[in-house]
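What follows is a set of notes on a single structure, which appears directly below.
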Amino acid sequence: MAENFFDKAKEAAKNVSDKLKETDNEKAKQASEQIDKFTGGSDKEENDNKDDDKK
């Protein structure tokens, strides 16, 4: 159940990141980059092996 919640949270963060990239605001774009670092990018493929990047 927690895993499903985590997947939904990551998907929501990716959607927010994609919306922020569409703006002209530089701070919004920087926030999008930070979200992408946490979620592994805004690509639609699941990258469960990205845990090494968090160390």
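Is it the case, given these coordinates, that LYS27 is modelled with pLDDT of 90 or more, surrounded by 12 or more Cβ atoms within 10 Å (Cβ to Cβ) and more than 8 Å from the chain's Cα centre (by Cα)? The answer is no for LYS27. Within the bounds of region 39-55, is there any residue that is loosely packed, with under 11 Cβ neighbours inside 10 Å and modelled with pLDDT of 90 or more? Looking for residues that are loosely packed, with under 11 Cβ neighbours inside 10 Å and modelled with pLDDT of 90 or more, one finds none in region 39-55, hence no.
The values are calculated or read from the model by the stated rules, or taken from the named source; none is laboratory data. Source: prediction; values computed, not measured. Ideal geometry is used to build each Cβ from the backbone, glycine not excepted, and the neighbour counts take in all protein chains shown.
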